[in-house]
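What follows is calculated from the coordinates using simple rules that are stated; it is not laboratory data. Everything quoted here is computed from the prediction, not taken from an experiment. In this analysis, Cβ positions are derived from the backbone assuming ideal geometry, glycine residues included, and neighbour counts consider all displayed protein chains.
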């Protein structure tokens, strides 16, 4: 059995990744301190896979916790991080401690344990003030938030560790991932679950700006596909690289709201009547985000199965039945 570690495995992306890996006969360990992840995301997996799933309660800021988690591990999926640009602007120190110090601890522990490959969640925020579209991996700008800085530093550390110590690393720059289990209730809830929750309660969603900012919204199953490809590739040119992880399509916030209203109205026709509010732009937000996925297609054989609209329909269905 191949053994993998998913840090942040109780979170949105991490728990979906754990579920997929367990259902495909991997041995899975999860390291999480539950600062943002939820035990409810893991309880069904702990019950269904008692022999192949192990939960380690710990913090990536503690090197000893990281060392404990990587024992007998072949591959690491490093999903643990403090997300959110606004959170990082409010509290840059904690964001730095988790996203940089914690990342370095995991790299050191993985190196010392002989982990074969370290696959980590990078971020589209790394593109910063670059105005070029679509975003191509080797053309970035200056970071616009403490969060963006931390995710760029992760890429630099991974590159140095692969060159200096020989550990294989692959970074996946996530572009606005959404889907089942993404928390709509947190202070820093992402835009799609937040809008869904508001609309389901007949409350007015608030769009920052005029609604014409655009994002490459990416369904979680496409992200799982990318992680699996990163783990299983035997293409030497594909290793020690960073890849955009997206669908390669741009959607404005105004379009997003209209799609959500359409899909939710299949369950409750009154939702189309909910009005939208507009507010000033948020500090640190970039106007537009669109990924080129050519590199991932070429080197990893990436072929995303869910368009934004297809994924959104699935996500809405899940939220309707679960919140």
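Among 188, 302, a tally of other beta-carbon atoms within 10 Å of each Cβ gives an order, fewest to most, of 188, 302. The peptide list 79-89, 121-131, put in order of mean Cβ contacts within 10 Å with the highest first, becomes 79-89, 121-131.
Taking the fewest neighbouring Cβ atoms within 10 Å as the starting point, the ordered list for 24, 78, 288 is 24, 288, 78.
How far is helix 191-200 tilted, in degrees, relative to the longest principal axis of the Cα atoms in the chain, given as a value from 0 to 90 rounded to the nearest 10? Rounded to the nearest ten degrees, it is 40.
Recomputing Cα Rg over 2.2 N^0.38 Å from the coordinates shown identifies the correct label among (i) 0.96; (ii) 1.28; (iii) 1.21 as (i).
Extension gain for residue 116-residue 294 works out to 61.5 nm (0.36 nm per residue, less the C-alpha to C-alpha distance).
If you take the Cα centroid of region 268-323 and the Cα centroid of region 29-59, the two points sit 27 Å apart.
Calculated FRET efficiency, residue 164 to residue 266, Cβ-Cβ distance, R0 = 51 Å: about 0.40 to the nearest 0.05.
Per-residue Cβ neighbour counts within 10 Å put 38, 198 in the sequence 38, 198, beginning with the fewest. Kindly work out what percent of the DSSP beta bridges joining two residues of the chain are antiparallel, to the nearest 5. Roughly 5 percent of the DSSP beta bridges within the chain come out antiparallel. Calculated FRET efficiency, residue 25 to residue 48, Cβ-Cβ distance, R0 = 22 Å: about 0.95 to the nearest 0.05. Rounded to the nearest 10 degrees, the inclination of helix 12-23 to the longest alpha-carbon principal axis of the chain is 60 degrees.
The modelled label-to-label distance for the pair residue 279/residue 237, using points 7 Å beyond Cα in the direction of Cβ, is 4.7 nm.
Angle of helix 253-265 to the longest C-alpha principal axis of the chain, folded into 0 to 90 degrees and rounded to 10: 80°.
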